[in-house]
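Peer 1: What follows is a single structure, and I will ask about it in a moment.
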Amino acid sequence: MNKDQCFQIGYISKVHGLRGEVTVVLDVDYPEEYEDIEHLFIEQKSRLTPFFLEHFVLQPGNKVLAKFEELDSIDAVTPLIGAELFLPLTSLPKLDDDQYYYHELVGFEVFDETKGLIGKVDQIYDLQTQDLLGVTYQGKEVLIPIQDGIIQQVEKTAKKVYCQLPEGLLDIYLED
């Protein structure tokens with residue numbers, strides 16, 4: 001499984017107890033949609049490795065108590081602390097027509113209400129502070145914040161994103 005075919009569900013934050021359980025912090029909007037997963041992928045040495053679960057129990061605050069098959073001690077799970085956890089894109093819950101996942105926007109055309117066509121979404125940047133669309137405009141990469149006040153509408157079938165860009169945003173990227 002390649003990383004570009006997956007999405008990050010969270011990471012292992014710490015060991016829990018003496019029998020190989022770990023605490024997982026989920027980075028998802030609806031944790032309950034993932035409580036029945038039987039396996040996931042852990043990034044190790046830049047590769048995704050499948051791990052099967054004995055249990056995956058939801059806890060308060062986007063946390064999970066997880067136990068992997070065949071990892072039965074603190075020593076077995078300690079090297080996994082901090083590891084990112086992934087699921088295949090095919091595991092994502094289905095959304096309504098007016099909802100979208102950010103990764104779906106790659107390749108969509110971006111339109112500003114005053115400037116018209118800006119370009120196509122080349123990349124999505126998932127940063128801790130903010131998510132951004134990476135769009136090529138006049139040969140330069142422009143980063144557009146994914147926020148309600150800026151993204152006005154997304155038409156999934158037409159593959160278009162309509163924005164109201166803050167004044168001067170594009171100019172910042174065109175300066176030398």
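Peer 1: Which residue, of Leu53, Leu133, Leu71, is outside the structural domain of Ala158 (by TED's automatic domain parsing), of a type in the set (A, V, I, L, M) and not in a loop (DSSP other than H, G, I, E, B)? Full working, then the answer.
Peer 2: On the way: Leu133 fails: outside the structural domain of Ala158 (by TED's automatic domain parsing); Leu71 fails: not in a loop (DSSP other than H, G, I, E, B).
Result of the check over Leu53, Leu133, Leu71: Leu53.
Peer 1: Within the range 61-117, track down each residue that is out of contact with any Asp or Glu (no Cβ under 6 Å at 6 or more places or on another chain), over 30 Å from Gln138 (Cα atoms) and of a type in the set (Lys, Arg).
Peer 2: Selection gives Lys63, Lys94.
Peer 1: OK, next. Just one of (1) under 21 Å from Val25 (Cβ atoms); (2) touching a Leu at 6+ places or on another chain (Cβ under 8 Å); (3) at pLDDT 90 or above trips up Pro88, so point out which.
Peer 2: Evaluating Pro88 over (1) under 21 Å from Val25 (Cβ atoms); (2) touching a Leu at 6+ places or on another chain (Cβ under 8 Å); (3) at pLDDT 90 or above leaves (2) as the failure.
Peer 1: Moving on. Can you name the number of the only condition in (1) out of contact with any His (no Cβ under 6 Å at 6 or more places or on another chain); (2) of a type in the set (Lys, Arg); (3) more than 30 Å from Pro166 (Cα to Cα) that Lys115 fails?
Peer 2: (3)
Peer 1: Out of all the residues in the range 136-176, which are among the hydroxyl-bearing types (Ser, Thr, Tyr) and outside any loop (DSSP other than H, G, I, E, B)?
Peer 2: Those that are among the hydroxyl-bearing types (Ser, Thr, Tyr) and outside any loop (DSSP other than H, G, I, E, B): Thr136, Tyr137, Tyr162, Tyr173.
Peer 1: Related question: Take the residues in the range 96-149 that are in contact with a strand residue (DSSP E or B) (Cβ under 7 Å, 6 or more places away or on another chain) and among the small types (Gly, Ala, Ser); name whichever of them is nearest to Tyr173 (Cα to Cα).
Peer 2: Result: Gly134.
Peer 1: Search the range 93-146 for residues being loosely packed, with under 15 Cβ neighbours inside 10 Å, among the hydrophobic types (A, V, I, L, M, F, W, C) and under 19 Å from the mean Cα position of the chain (by Cα), and hand back the single one that is modelled with the highest pLDDT.
Peer 2: Here the answer is Val106.
Peer 1: Then there's this: Determine, yes or no, whether Thr90 is in a helix (DSSP H, G or I) and within 30 Å of Leu40 (Cβ to Cβ).
Peer 2: Details: in a helix (DSSP H, G or I): yes; within 30 Å of Leu40 (Cβ to Cβ): yes.
It is true that Thr90 is in a helix (DSSP H, G or I) and within 30 Å of Leu40 (Cβ to Cβ).
Peer 1: Identify, please: which residue in the range 147-174 is among the aliphatic types (A, V, I, L, M) and under 24 Å from the mean Cα position of the chain (by Cα) and is, among those, surrounded by the most Cβ atoms within 10 Å (Cβ to Cβ)?
Peer 2: Val161
Peer 1: Is it true that some residue in the range 27-38 is in a strand (DSSP E or B) and either within 17 Å of Leu92 (Cα to Cα) or of a type in the set (S, T, N, Q) (or both)?
Peer 2: No, that holds for no residue.
Peer 1: Right, here's the next one. Does Leu65 fit the bill of being surrounded by 15 or more Cβ atoms within 10 Å (Cβ to Cβ) and either within 25 Å of Val25 (Cβ to Cβ) or of a type outside the set (Gly, Ala, Ser) (or both)?
Peer 2: Values: surrounded by 15 or more Cβ atoms within 10 Å (Cβ to Cβ): yes; either within 25 Å of Val25 (Cβ to Cβ) or of a type outside the set (Gly, Ala, Ser) (or both): yes.
So Leu65 passes the test.
The values are calculated or read from the model by the stated rules, or taken from the named source; none is laboratory data. Here the structure is a predicted model, which is why all the values come from computation and not from measurement. Virtual Cβ from ideal backbone geometry, glycine too; neighbours counted across all protein chains shown.
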